[in-house]
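Below: the structure, in structure tokens.
What follows is calculated from the coordinates using simple rules that are stated; it is not laboratory data. Since the model is a prediction, treat every value here as computed from it, not as a measurement. Quick reminder, even Gly has a Cβ in these numbers, built from the backbone with ideal geometry, and neighbours come from all protein chains shown.
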Amino acid sequence: MSERNDIMTEPEQSEVGVADGGRGRDVIAQLFKFQSLFGLVLVFIAAVIISPRKNGEVLFLGSENLFNVVRSVSETGILAVGMTLVILIGGIDLSVGSVLGLASVGASVLLVEDGFGVIPAALLVLAIGLGFGLLQGIASAKFGIQAFIVTLAGMQIARGLARIWSDGQGVSITYGDAPGQAPVLFSLLGERTFNGLVPVPAVIFVVVAVLAGILLRVSAFSRHIYAIGGNEKAARLSGVPVVRVKVLVFGICGLLAALAGIVHAGQLNFGGPNDGSMYELDAIAAVVIGGTSLTGGRGSVVGTVAGALLVGVLRNVLALNGVDPNIQLLIVGLVIVFAAGLQQLRPASVNS
């Protein structure tokens, strides 16, 4: 074989290097794209390994325990789905926990004290959440007030409204046909379906996540969301209705916060003005761990769901092992910092 065939020229070596580098970047991009799923798998495997045993069975893998994990993250998971949309446009919503509390109180008062049926009460509470979110979106998008400030104020307003509506007291829910009792239908939110295995709140969480995932995959609305988060000025110049999209995103987030409040009241048979306190931080944590960039334009609902489940699995197995709750907070906090740190290494080409 001739020397010409044995030795590559410098341009040929460069081309091979570029191709190899491109493949390497593609692999790295895929790893970052699915970082939350990989993280969930790793945490799940670790949970199986360190889980306590009883009669030779792994307690963590018990079907009831696994479904309890999903149930435990259902409320914050629903909040996190709405939070994902807001963060994708480069915003933030600190009011979702308070809106959950407002919705929880509202549902309880309407059902127990005002004699509303389940459907009218639910629709009214959802409308309140939607309206609250839309107003915040208008204040932020149309009047140019930073979302952080708007929703920080909204957090206080929603909490105050919840206390006014309930006279500062929690409202217990009992079921029956007598005055002061809620319709039995509402108790289904605390039940399990599919042969008594799957908690109803978990089903609602999955449905919300699937619908939101489809929305972000196939609609023009989703392209507008990513465009605004990527470069709002460029999106506006290209004809994207920035104000309208932002207002709708905040409205959806408020709607989902109200839905989480209804689920909360149904699970606990109680609505209190302080319900949902700090839930906004859990929602943001799920979004961050799920790989959504806090600067907007990159992320997915699938990642958020994986992030919420990761936190749920971690807390569950730590509780099974009797780890001090304060240590649990420390560990979850470190996971959040680690996930946020990974975002700094993420290639700019990875969008969702």
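For the chain, lysine pairs with C-alpha atoms less than 27 angstrom apart, excluding pairs fewer than eight positions apart on the same chain, total 5. For V171, the amide hydrogen comes within under 5 Å of the amide hydrogens of G271, G272, counting only partners 5 or more places away or on other chains and with H modelled in the peptide plane.
Using just its DSSP H runs of length 4 or more, each adding -39500 (n - 2.57), the chain gives a mean residue ellipticity at 222 nm of -23000 deg cm²/dmol after division by all residues. For the peptides 287-294, 118-125, 81-88, the ranking by packing is 81-88, 287-294, 118-125, with the highest mean count of neighbouring Cβ atoms within 10 Å listed first. In this rough spin-label picture, where each label sits 7 Å from Cα along the Cβ direction, the L329-K233 distance is 4.2 nm. When a/c reaches 1.5 or more, the comparison of a/b and b/c decides; with that in mind, is segment 173-240 rounded, prolate or oblate per its Cα gyration tensor? In terms of gyration-tensor shape, prolate.
Shape class for segment 219-352, computed from the alpha carbon gyration tensor (a ≥ b ≥ c): oblate, with a/c not under 1.5 and a/b at or below b/c.
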